[in-house]
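Worksheet: the structure to be examined is printed underneath.
The values are calculated or read from the model by the stated rules, or taken from the named source; none is laboratory data. The structure displayed is predicted, hence computed values, not measured ones. Heads up, the Cβs are rebuilt from the backbone with ideal geometry, glycines too, and the neighbour counts pull from every protein chain shown.
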Amino acid sequence: MNLPRRNLMTGAAAAAAVALTASPATAVPGGSRRTGSASLARETGAGMPKRILIRNGHVIDTEPQPVAHPGTDVLIERGRILAVGRNLRSNGAMVIDATDHIVLPGFVDTHRHMWHSALRSAAVDVDLDAYFRLLGQVGPKFRPQDVHTATLAGALECLDSGITTQLDFAHIAYSPELAEAAVDALKAVGLRAVFGYGTPVNVTGGGKLADVRRIRERLADDNALVTMAYAPLGPLSTPMETVSKDWRIADELDLPLTIHLASTPVNERPIFALRDAGLLRKKTLYVHGNGIGDDELKLIADSGATASATPGDEAGRLRRAGITTGIGVDTVAFAPGDMFSTMRAAHLAGQIAEDPRMTAKDVLRMATLDGAAAMGLADRTGSLRPGKQADIIMLRLDDLNMLTAERDPIGAVVTAAQPHNVDTVLVAGRVVKFAGRLVHADLRRTARSLRATAVAISAR
C-alpha cells in the first residue's frame, strides 16, 4: 500500500527510512516495486541498508567548482559516497528515485547559536548593544533542560531545511552542565556538528580549563559525528591577557578556535593585537569581521585561518582577501534559520555591493565545500567526491516554486528554493528526512517543550 505523504515513521521503519509514500522520491530495495514500510523493513532489517543508490537526479557537485549533471546517480556504501555517474548498477542497493529532484551536498552552517531557538525573533530591529544586553539578561536564566530543548529544536530545524553540518557557537556555557546538555541534544539528533564551547557574553574573565576539559574528554574523537571547538570571547571584548589565557586552553586541549571578530573599543585592531601577541594561527575560524581593515584581512589569509560570513557581513571582501569563507545563519533572534534565506542574502549583497559580483556558484560553494573547509571538515563533507561521507539532500523540482528550475539547478538552489522543497536528507549515509518529513523526531513534543522553555525563561 502507499502510505500518506506526511506519515511520520517510527521503529524499524524509521531507522531504515523505509516508508514508501506518494512523494516523487520513493525508495525501493534493489529496484523492486514492492511498497509499504513492512515490505521494505523486511528487506533492510532494523538498521540502515549497506548500499543506497540515488537514481536519475539533477546532481550538483561542488568540487572543484559547482556543476550540475542531469540524469545522474549517486551510489552510497556503508555511509560513504562510492561513485557518481550515469546508469550505476544497484547490486542490491536500496534505490531512491530522484527523478524531478535536485541532488546535492548538504549545506554547511559555519556559525549559529543553537540555544537562541528559544529566543526566535526576540531581537529584531534592535541595535547590537541591545542585543548583547538581552543575551546577558536571559542567558543566566537557562537551565540544562532549557539548553537541551533549544539545541534539539535548532538541530532539527537544520536537518529539516537541508543543513547537514553545523557549528554551534554555544556561548551559554555558564557551567559544564549547560554545555553537557547542548552536547546531549546534538548527539541525539544525528546532525554533523562542531560544538563550540562558548564563553557567555557577560563573563569577561575567560574560560576555565577544567570545565572545557570535561567536555573535551567527552568529545575526544575528532572523527566522530559531533566534534569540538573552543569559542571564547577573544579580542572582541576581552583584554589580551585574557585572550592569551584562552588560547592556552585551546592549545592544551588541542582544540580549534572560533571567535567573533570586529573592531571594538577594547581592541580596535584585533588581528594586529593577535599577531603581536603571537596568537595568529591556523585552525581559527573568524566570524563576521566588521570594521576589519584590508591589511588585517591579509594577515588572516596569510595565517591560513578561515572565516564565516553571516547575513549582513562582507562575504565577498573576505573571499577577495584570499580567506576560505563559509556562510553562517548566526541567530534566529533576528535572522532566518535556513540556509536558503542566508544564501539569498549573500547573493543579493554580492550583486549590489561587490566588484566583481558574487555568482550563485560562488554562494553555493560557500554554503557547502568552502564551509566544510572553513570548519576543517572538507575531508569528510561538503561535496560528492567519492570517499567522503554521504551528507546529501534532495530538493523537489515539481513544487510550484521550483517548476522549470532544471534549466539552472545551481541558480535555483540559491535564488528560488525554500525549506519546504527539501524532500530527503542523509547524514553519513543515514536517512534522517524522507518524503518531506523528519523520520526520527517527535516534533510535537519538541514544540511543546520549546514553548514551555520560552515561557519559563520569561517568567524567571
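The residues of region 129-147 that are crowded, with 16+ Cβ neighbours inside 10 Å and either basic (K, R) or closer than 28 Å to I392 by Cβ (or both) amount to a single one, R143.
Okay, residues lined up against (1) part of a strand (DSSP E or B); (2) outside the structural domain of T199 (by TED's automatic domain parsing); (3) modelled with pLDDT of 95 or more; (4) under 17 Å from the mean Cα position of the chain (by Cα):
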{"site": "S90", "(1), (2), (3), (4)": "no, yes, no, no"}
{"site": "I96", "(1), (2), (3), (4)": "yes, yes, yes, no"}
{"site": "T99", "(1), (2), (3), (4)": "no, yes, yes, no"}
{"site": "H111", "(1), (2), (3), (4)": "yes, no, yes, yes"}
{"site": "H116", "(1), (2), (3), (4)": "no, no, yes, yes"}
{"site": "S121", "(1), (2), (3), (4)": "no, no, yes, no"}
{"site": "D129", "(1), (2), (3), (4)": "no, no, no, no"}
{"site": "L134", "(1), (2), (3), (4)": "no, no, yes, no"}
{"site": "P140", "(1), (2), (3), (4)": "no, no, yes, no"}
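Checking each residue in region 153-165 for being farther than 24 Å from R448 by Cα and either touching a Cys at 6+ places or on another chain (Cβ under 7 Å) or among the hydrophobic types (A, V, I, L, M, F, W, C) (or both) picks out no residue at all. A count restricted to region 408-455 and to residues that are of a type in the set (A, V, I, L, M, F, W, C) and within 24 Å of A346 (Cα to Cα) stands at 8. Any idea which residue in region 217-236 is nearest to L178 (Cα to Cα), counting only those that are of a type outside the set (A, V, I, L, M, F, W, C) and surrounded by fewer than 20 Cβ atoms within 10 Å (Cβ to Cβ)? Once the filter is applied, the top-ranked residue is R218. Looking across region 49-80, the residues that are part of a loop (DSSP other than H, G, I, E, B) and closer than 14 Å to G92 by Cβ come down to P49, K50, R78.
Just for region 411-428: of the residues that are among the β-branched types (V, I, T) and within 17 Å of the chain's Cα centre (by Cα), which one is farthest from I96 (Cα to Cα)? Among residues in region 411-428 that are among the β-branched types (V, I, T) and within 17 Å of the chain's Cα centre (by Cα), the one farthest from I96 (Cα to Cα) is V414.
Please determine, by comparing only the residues of region 161-184 that are in contact (Cβ under 8 Å) with a residue 60 or more places away in the chain and more than 11 Å from the chain's Cα centre (by Cα), which one is surrounded by the fewest Cβ atoms within 10 Å (Cβ to Cβ).
Residues of region 161-184 that are in contact (Cβ under 8 Å) with a residue 60 or more places away in the chain, as a first pass: 161-165, 167, 169-171, 182.
Narrowing further to those that are more than 11 Å from the chain's Cα centre (by Cα): 169-171, 182.
Working: F169: 28, A170: 27, H171: 23, A182: 29.
Of everything passing the filter in region 161-184, H171 is surrounded by the fewest Cβ atoms within 10 Å (Cβ to Cβ).
For A155, the stated conditions hold: it is outside the structural domain of A412 (by TED's automatic domain parsing), closer than 30 Å to V74 by Cα and without any contact (Cβ under 8 Å) to a residue 60 or more places away in the chain.
Looking only at region 322-347, which residues are of a type outside the set (V, I, T) and in contact with a Cys (Cβ under 9 Å, 6 or more places away or on another chain)?
Let us first name the residues in region 322-347 that are of a type outside the set (V, I, T), namely 322, 326, 328, 330, 333-341, 343-347.
Result: G337, D338, M339.
Could you please let me know if R86 is basic (K, R), over 21 Å from V427 (Cβ atoms), at pLDDT 50 or above and outside the structural domain of A335 (by TED's automatic domain parsing)? The answer is yes for R86.
Exactly one residue out of D398, D423 is part of a loop (DSSP other than H, G, I, E, B), touching a residue at least 24 places away in the same chain (Cβ under 8 Å) and in the same structural domain as M94 (by TED's automatic domain parsing), and it is D398. Among residues of region 75-86 that are over 15 Å from I393 (Cα atoms), those with a Cβ under 6 angstrom from a residue that is surrounded by 19 or more Cβ atoms within 10 Å (Cβ to Cβ) and not basic (K, R), sequence gap 6+ or separate chain, pair up as L82/L75; A83/L75; R86/T72.
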